[in-house]
1. Could you list, in sequence order, all residues of the range 235-284 that are modelled with pLDDT under 80, surrounded by 11 or more Cβ atoms within 10 Å (Cβ to Cβ) and touching a strand residue (DSSP E or B) at 6+ places or on another chain (Cβ under 9 Å)?
2. Do you know which residues across the range 327-365 are within 17 Å of residue 193 (Cα to Cα) and free of Cβ contacts under 8 Å to residues at least 40 places away in the same chain?
3. Hey, can you tell me all the residues within the range 320-353 that are out of contact with any helix residue (DSSP H, G or I) (no Cβ under 6 Å at 6 or more places or on another chain) and crowded, with 20+ Cβ neighbours inside 10 Å?
4. Tell me, yes or no, whether the range 448-456 has at least one residue that is assigned to a helix (DSSP H, G or I), within 23 Å of the chain's Cα centre (by Cα) and modelled with pLDDT of 90 or more.
5. Looking at the range 97-182, what helices (runs of 4 or more DSSP H) fall wholly within it and have at least 3 residues that are within 19 Å of the chain's Cα centre (by Cα), more than 30 Å from residue 4 (Cα to Cα) and modelled with pLDDT under 90?
């Protein structure tokens, strides 16, 4: 039996779909802009021209640290790769809640924020947690709008990383309103939002970056439209999203009467666990460690290899999003979650192999097709597998922990991967990534099992009826 009636489920799914589209399209604006954006701030605050007067800014200090880091390698490194490594560092920072220097370690912000947001949503409700998160998102994009210097832009990334809870809360809401038979297709709907957003968001962001509205910040137009989308999403959620946390929506019922004002918490049904959350979290972290490094390095690789600018990268990411959205809508939602994950990691392994060797644009798009397959399957499948291993009173926390481990990998991936790319070259970086994904594949194929609830849900309906009658 579904946790909510069909009409309510349909209405909530519509709200989730619309809000995530607005959120993720806004989020993807910045992805193809990173190389030119960082280049802009470097030219303003830390010019490479020897005749330019020295500056003392946060960016110049960071680049100084990068030069020291560069000097530690025996191999000379061209200064044009500063943008690659700095971009990787910022990619990591975007995934952080606070960071401070500890020898050889960085605490990533969202790796800490995600389980906290998840547990708070289990206690106070999904709606309250999501609207609170949106306040931080608005502040983050507002800072980007006024970011005429690198320091302000950096602050916008920190605030965004600290407050980003939309995806994990949307996932928790989706599990609240779905039963085991519809869980996979509901998760695929969230994945489709990602795919559609990556189809249009990067290209739109690249186009908006060509419209100059503020001389001191050439990217203010893209940031302004992003702010408009986030504010629109917040207003839409406020007026349309109901509370879905079962313990807050379950009404106390007596024979012939209902009391709508008194929520009652009842013990959640025990879950028959098949996969440990530790193993699921480990797979998520290690997969995203390598995948996010590749994903983040892609615009820099095309910039280096083919001279791609924002518009070219926007089209490439748009192609990835289009293929992924078609797969989400037509294939992934019909697949058992574990099979979906297995297909995705194999496609990722092929993509790494291709990207380490390509020299032509058609080969680049072949690798992008494999990336699209991975984007459409792995994270969606892992979210579904994790939800099957949690009861209704702990889903927010468990999904938040899954995301936390994933954000740890996503945070470390860009800076580590771009460091190897910078030091040893493209072939070594992508070869290392292929080796890592091969290890993830072993965990997925030989460590993960099909959850009991998922196996029952995937059986033909007639067979389930026969078993029930027996």
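The values are calculated or read from the model by the stated rules, or taken from the named source; none is laboratory data. This structure is a prediction, so every number in the text was calculated from the model and none was measured. Here Cβ is always computed from backbone atoms with ideal geometry, including for glycine, and neighbour counts include all displayed protein chains.
1. Matches in the range 235-284: 249, 250, 251, 252, 259, 263, 264.
2. Across the range 327-365, the qualifying residue is only 330.
3. Once the filter is applied, which keeps residues that are out of contact with any helix residue (DSSP H, G or I) (no Cβ under 6 Å at 6 or more places or on another chain) and crowded, with 20+ Cβ neighbours inside 10 Å, the range 320-353 yields 335, 338.
4. no
5. It comes to 109-124, 150-163.
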